[in-house]
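One structure below.
The values are calculated or read from the model by the stated rules, or taken from the named source; none is laboratory data. Treat the numbers as computed from the prediction; the structure is a model and nothing was measured. Methodologically, a virtual Cβ is constructed for each residue, glycine included, from the backbone with ideal geometry; neighbour enumeration extends over all protein chains shown. When the accessible area is computed, the model is the full protein with side chains, heavy atoms only, and any ligands, DNA or RNA have been set aside. Shrake-Rupley method; radii C 1.70, N 1.55, O 1.52, S 1.80 Å.
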Amino acid sequence: MFNFKYSLKLRYLTLRYKLKFNSSTSCYNSHRDLHTVLGIESSCDDTGVAVVNSKKQILGESLHNQGRAHREFGGIIPTLARDFHQQNIDGLVSDALKQAELNIQDVDAIAVSVKPGLTLSLLVGLEHAKALCHQHKKTLIPIHHMEAHALTARLSNHVEFPYLVMLMSGGHCLLAVVEGVDKFKLLGTCLDTSPGDMLDKTARRLKLKLLPELAAYSGGAAIEKLAVKGDPHSIKFSHVMSTTLDCNFSFAGLQFQARKKIEMEEAKMGSSAAGSVIPSLENMCASLQLAILNHMAKRLYRAFMFCDMKGLLPESNRSLVLSGGVASNLFIRDGLTHIANQFDCDVSCPPPRLCTDNGVMVAWNGVEKIMKGIDLDVNMDDIKVAHRSPLGVSMVEEVNKAHLKVGRIRFPYLKQETS
């Protein structure tokens, strides 16, 4: 005979079990209201760890920067970077979780940068993330370092897909259309030296370390600070890649020009040049920044033209995201914003601390992947690091074939025109 009370009790117990099961395996349930991810970043010389949730709350954040240690060697030493990562990563994870007032069991997944970057550095982050996931039965989410940079603005600003992103840092410079969490169309990339690396090397050639007031600044930040007092039109730099009609970047030519101009100034100083900076220091920095801006601006302008031609961006409510360490340079950012305004496009830029490498961007990318159910079923043992990894689908050749000519770029607020 059918027992109605028993049937109700059985249904209640079944529902209770399902709710308990879903909460304990929340990393696979993309329809939950709240997701919390621990992110680990170690692609270069910054060890970053953060805890971020799907409410766009940064619950905990910890970072160790190795810049000063590597500066003495004139560049990043991979083995030294690896050793610093190994020394600091465990403490940074504990600190981020402590700030969040959580323990490792409370997070739904662990996201970690696996490409591109320095192989030895990436391995430290990946192996630590794998160990945590094995020990605590967590899902491991592999993160593309540049995708994380491209998506960070969606955490700090209201940015909807699709949008144009320009990433510029010490390791990269690229233009891409972001169509989704894992859908990118690459319009242009860096062919040689990145803008951040060029600025750092030029700063060393300018011997800015001789100036005590700039001791705590990175090369790029020191150049920006000096440029404020200089005339950007005082020293002429030749345009690079002026005959190519693509969106690719090249900064090696500007670096070479800067070195030659510095040598010429030092030759005028004679024997006093050895322990001194050149007298035209501020003007050199300001003029170099303008040369960089002009090169970037033409590529950005062409990218907008291509997007309009192909219908890659909406006609209204357009967004340009500027990210990466060089995006913190206000002179360059203002110039690129001026270009975006000509195409009725809003500009979003993460706060400076999120423009450089950090754990927040990795954790947020993990959150977005969870909400879309992306990369949640990847076999942990199959996840490997990669020194190089292209971003999305390349449309570089299509841009070149479009043969889009960009005329004179005007920056009225600088009082003179650049061509």
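Close Cβ contacts (under 7 Å, 6 or more residues apart or on different chains) running from residues in region 121-144 that are among the β-branched types (Val, Ile, Thr) to residues that are in a helix (DSSP H, G or I) and open to solvent by 30 Å² or more (accessible area, probe 1.4 Å) comprise Val124/Arg82; Val124/Gln86. Out of the residues in region 346-403 that are among the polar types (S, T, N, Q) and open to solvent by less than 40 Å² (accessible area, probe 1.4 Å), state the one that is nearest to the chain's Cα centre (by Cα). Restricting to residues being among the polar types (S, T, N, Q) and open to solvent by less than 40 Å² (accessible area, probe 1.4 Å), the top hit is Asn358. Note on region 247-289: residues that are open to solvent by 30 Å² or more (accessible area, probe 1.4 Å) and touching a residue at least 60 places away in the same chain (Cβ under 8 Å) amount to 5. Could you please let me know if Ser242 is assigned to a loop (DSSP other than H, G, I, E, B) and at pLDDT below 95? So Ser242 passes the test. Apart from one condition, Val49 fits all of (1) under 16 Å from His145 (Cα atoms); (2) outside any loop (DSSP other than H, G, I, E, B); (3) open to solvent by 20 Å² or more (accessible area, probe 1.4 Å); (4) not small (Gly, Ala, Ser); the exception is (3).
Scan region 75-110 for residues that are closer than 22 Å to Ile141 by Cβ, out of contact with any Asp or Glu (no Cβ under 9 Å at 6 or more places or on another chain) and among the small types (Gly, Ala, Ser) and the total you get is 2. Residue count for region 114-142 satisfying the condition of being outside any helix (DSSP H, G or I) and farther than 17 Å from Val52 by Cα: 6. The set of residues in region 85-139 that are more than 19 Å from the chain's Cα centre (by Cα) and polar (S, T, N, Q) comprises Gln86, Gln87, Asn88, Ser94, Gln99, Asn103, Gln105, Gln135, Thr139. Within region 257-276, restricting attention to residues that are at pLDDT below 95 and either touching a Lys or Arg at 6+ places or on another chain (Cβ under 7 Å) or part of a loop (DSSP other than H, G, I, E, B) (or both), the residue that is nearest to Asn329 (Cα to Cα) is Ser276.
Of the residues Val159, Val165, the single one that is surrounded by 24 or more Cβ atoms within 10 Å (Cβ to Cβ), outside any helix (DSSP H, G or I) and β-branched (Val, Ile, Thr) is Val165.
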